[in-house]
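Colleague: Before anything else, here's the structure in question.
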Ligand code: RB5
């Protein structure tokens, strides 16, 4: 599995935590930025991550900002993206099993690094269940056109 990961300045520290988790899990990733500590605009990093997933340059994406909200809104504008904003372990598992979410959004100012690492680990290692959920996802794809 290859993961595209990006953050704004508000999510940069948590991005490093998640990268270190992926090193431990031997999951390859591409960091699209940001590298700076200055204020940047989250769509400049969230949309490229989502596009890499949509274009199949990456299997999954992880986007992080202060709240995770801006990143999730931006990522979900890209066709084919199912970005889930997650701050608890139950949702991390459920959104993979039920929604086949292909991008995970988290907020560095919302949760601590320990919980964020656990969420990312569960999300990265949980499989989509398919079955009854497939028709629901198809309805979203149909609406998207
Ligand atoms: C940046 O200050 C902050 O607005 C951003 O990281 C994010 O929380 C937006 O949703």
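Colleague: Given axes a ≥ b ≥ c from the Cα gyration tensor, I'd like to know whether the stretch 28-141 is rounded (a/c under 1.5), prolate (a/b larger than b/c) or oblate.
Modeller: The shape class here is oblate.
Colleague: Is the stretch 1-84 best put as rounded, prolate or oblate by its Cα gyration tensor, with a ≥ b ≥ c the root eigenvalues, rounded for a/c under 1.5, and otherwise prolate when a/b is larger than b/c, oblate when not?
Modeller: Note, shape of the stretch 1-84 comes out oblate.
Colleague: Could you work out how far helix 113-125 tilts from the main Cα principal axis of the chain, as a 0 to 90 degree angle to the nearest 10?
Modeller: Tilt of helix 113-125: around 30 degrees.
Colleague: What is the helix-to-structure angle for 43-54, meaning the angle in degrees between its Cα long axis and the longest Cα principal axis of the chain, kept from 0 to 90 and rounded to the nearest 10?
Modeller: Here the helix axis deviates by roughly 40 degrees.
Colleague: List 72, 37 from most exposed to least, where exposure is judged by having the fewest other Cβ atoms within 10 Å.
Modeller: Taking fewest neighbouring Cβ atoms as first place, the list is 37, 72.
Colleague: Nearest 500 deg cm²/dmol is fine: what mean residue ellipticity at 222 nm does the chain get from its DSSP H runs of n ≥ 4 alone, each adding -39,500 (n - 2.57), divided by its residue count?
Modeller: After summing the helix terms and dividing by the residues of the chain, the value is -14500 deg cm²/dmol.
Colleague: Let me know the shape class of the stretch 11-56, please: from the alpha-carbon gyration tensor, a ≥ b ≥ c as square roots of the eigenvalues, rounded when a/c is under 1.5, otherwise prolate if a/b is greater than b/c, or oblate.
Modeller: Taking the square roots of the gyration eigenvalues as a ≥ b ≥ c, the stretch 11-56 is oblate.
Colleague: Restricting to the stretch 47-118, compute how many DSSP beta bridges are antiparallel as a %, nearest 5.
Modeller: The antiparallel fraction comes to roughly 0 percent.
Colleague: Specify the residue with the greatest mean-square fluctuation among 116, 84, 94, computed from a Gaussian network of the chain linking alpha-carbon atoms under 10 Å apart.
Modeller: Highest fluctuation among the options: 94.
Colleague: Another question about this same structure. Anyone know which of 78, 40, 53 comes out most mobile in the 10 Å Cα GNM of the chain?
Modeller: Among 78, 40, 53, the largest GNM mean-square fluctuation belongs to 40.
Colleague: Could you check the spin-label model distance between residue 134 and residue 25? Points 7 Å from the Cα along Cα→Cβ, value in nm.
Modeller: Distance between the two pseudo-spin positions: 2.5 nm.
Colleague: Among 106, 1, 71, rank each residue by its count of other Cβ atoms within 10 Å, from fewest to most, as a rough exposure measure.
Modeller: So the ranking, lowest neighbour count to highest, is 1, 106, 71.
Colleague: For residue 44 and residue 110, FRET efficiency with R0 = 30 Å and r from the beta-carbon atoms, rounded to 0.05?
Modeller: Using R0 = 30 Å, I get an efficiency of 0.90.
FYI, it's all coordinate maths here, none of it is from the lab. Keep in mind that this is a model prediction, so the values were computed, not measured. Cβ: placed from backbone, ideal geometry, glycine included. Neighbour counts: every protein chain shown.
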